Ligand SMILES: Nc1ncnc2c1ncn2[C@@H]1O[C@H](COP(=O)(O)OP(=O)(O)O)[C@@H](O)[C@H]1O
Ligand SMILES: [Mg+2]
């Protein structure tokens, strides 16, 4: 941390500097430097120029006044006021910086002057040169200018003193003109600097903006995007690296898609094989085992009728009852494996019967609400998947939830079918479950939903029951709604 600048200001600076784009930053730096340089040079030149010019001004003041004093000696001595006056006028006219000139006698009485509207009061006392001094300069301030008032004694003061006022107006004018010129140059250089900065940032940012576009395209899954290589500099190398990265990402994505497709195919194959196998076993149980058991029961019945008073009659009755029970169990098993009602009467009826069976076997309330499915048959694969999903949902409720009530809600609209399986049981931590091995029920529900381009959403919290939301889209090509006439 910088000990001299409080962190707060540094942070603020970075927030502001970080928020503006590169173009503004570069233009800002160029402008700042040009202005700083321009102002520093202008100030320095102004300082040096005014030192030199004021030094020259004070030398001039002395030189002009000495000249005046030398030339004024004769007219003073012969008391030629006209010549003296003429001399003063000439001096003033010949040197444009001279504001006034006058001559006083040793008693400080003004002998001649160049003022048109009368000699100003106190001016003669404002400066004087002692007899032994060669000259003396005083600076008089007026509202618009400074006047270098120089006094030079005439004949060592015995004939009086020559005085001359030299204005700095012209010096100021020159300094201001030079300053203005330098500032104008600064502005012109700034304009050139801005143009150069704009051009430079365009060259610099063009490939960067391309990279930004590419990153966005890749983010949207477009791996065929390639960034144009503008130059062979660092950005050019970055472009190459970026293009190779997009290529690698594209390959990885293609591999991922391929893997996902094989997984989907595999899962689909497994589920289909499982369904087919269940169907086959159910058919076998129904056609063969049930038939055999029925024959057995009929045989036992005949046997029972034929030996009304036999010793073994009770045993025969017992066996017939066991055979009857087994037939019921086989029937239940066969229905659970693949209810023919699902194929014959459709999903709502199959689920209704499944629920009725559960109600008989377990002490739980199960509600079923179906909307939008009157006279509608969904495609077989969707019906099978939803039946299995409801089956697994209910099995979980019985096995894990300890619930009093469960409800199943099925809503079919033109573009999707929604199934909600809810219970008021003990709930569970969703994150703990989905990654556990050996628990394939919820995973199976999700797989079945995703195979049909649908999705599973689980809402559950310990102590607050569980809700499973399964949504499956009904595409016209894959799931034409079949009117059941
Ligand atoms: N309705 C439910 N109520 C409470 N817990 C549930 C419910 N459904 C699932 N769970 C929890 O989620 C876990 C995973 O369920 P699942 O994937 O079907 O596997 P399994 O039933 O074989 O344990 C269960 O072990 C259970 O802890
Ligand atoms: Mg389960």
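No value in this document is a laboratory result; all are computed from the given coordinates. The structure presented is a predicted model; accordingly, all values stated were derived computationally and were not measured. Every residue, glycine among them, receives a Cβ derived from its backbone with ideal geometry; neighbour counts consider all protein chains shown.
Observations, loosely collected:
- Calculated [θ] (222 nm, deg cm²/dmol) that DSSP helices of n ≥ 4 give over the chain, each run adding -39,500 (n - 2.57): -20500 deg cm²/dmol
- Remark: spin-label model distance residue 144-residue 308 equals 15.6 nm, labels positioned 7 Å along the Cα→Cβ axis.
- Global dimensions of the chain from alpha-carbon coordinates: Rg and Dmax equal 55.7, 189 Å.
- Here 175, 93 are placed in order of increasing Cβ neighbour count within 10 Å, fewest first, which gives 93, 175.
- Rounded Å value of the spacing that divides the Cα centres of segment 454-477 and segment 287-327: 48
- For segment 316-396: rounded, prolate or oblate by the Cα gyration tensor [a/c cutoff 1.5]: prolate
- For segment 139-159, the residues whose backbone nitrogen is under 18 Å from a point 7 Å from the Cα of residue 109, taken along Cα to Cβ, are 154, 157-159.
- Short-range pairs are left out: with C-alpha atoms under 8 Å and at least six residues apart, the relative contact order of the chain is 9 percent.
- Fully extending the segment from residue 426 to residue 241 would add 61.2 nm, taking 0.36 nm per residue of separation and subtracting the current Cα-Cα distance.
- Available extension along the chain between residue 264 and residue 458 is 67.7 nm, counting 0.36 nm per residue and deducting the alpha carbon span.
- Angle between the chain longest axis and helix 81-94 axis [Cα atoms, degrees, rounded to 10]: 30
- Between residue 199 and residue 292, the simple label model (points 7 Å from Cα in the Cβ direction) yields a spacing of 9.7 nm.
- Whether segment 346-485 is rounded, prolate or oblate, judged on the alpha carbon gyration tensor where a/c under 1.5 counts as rounded: oblate
- Protection-proxy order for peptides 444-456, 75-87, each taking the mean of Cβ atoms within 10 Å per residue, highest first: 444-456, 75-87
- For segment 79-101, the residues whose amide N sits under 18 Å from a probe point set 7 Å from the Cα of residue 116 along the beta carbon direction are 85-101.
- Every Cα-Cα pair of segment 239-297 was included, and the share exceeding 13 Å stands at 74 percent.
- Residue order, fewest to most beta carbons within 10 Å, for 418, 474: 418, 474
- Cα-based helix-to-principal-axis angle, 7-19 vs the chain, degrees rounded to 10: 80
- Cβ-Cβ FRET estimate between residue 192 and residue 49, R0 fixed at 25 Å, reported to 0.05: 0.50
- Multiplying the residue separation of residue 318 and residue 343 by 0.36 nm and removing their Cα-Cα distance gives an extension gain of 5.4 nm.
- Isotropically averaged projected area of segment 17-176, using the convex hull of Cα atoms (one quarter of hull area), nm²: 12.8
- The distance between label points at residue 206 and residue 399 comes to 6.6 nm (points 7 Å beyond Cα on the Cα→Cβ vector).
- Degrees between helix 313-337 axis and first principal axis of the chain (Cα, 0 to 90, nearest 10): 30
- Part-to-part distance (alpha-carbon centres) for segment 3-62 and segment 339-385, which is given in Å: 84
- Relative to one another, the C-alpha centroids of segment 65-137 and segment 189-213 are positioned 67 Å apart.
- In plain terms, the residue of 416, 251 with the fewest other Cβ atoms within 10 Å comes first and the most crowded comes last, giving 251, 416.
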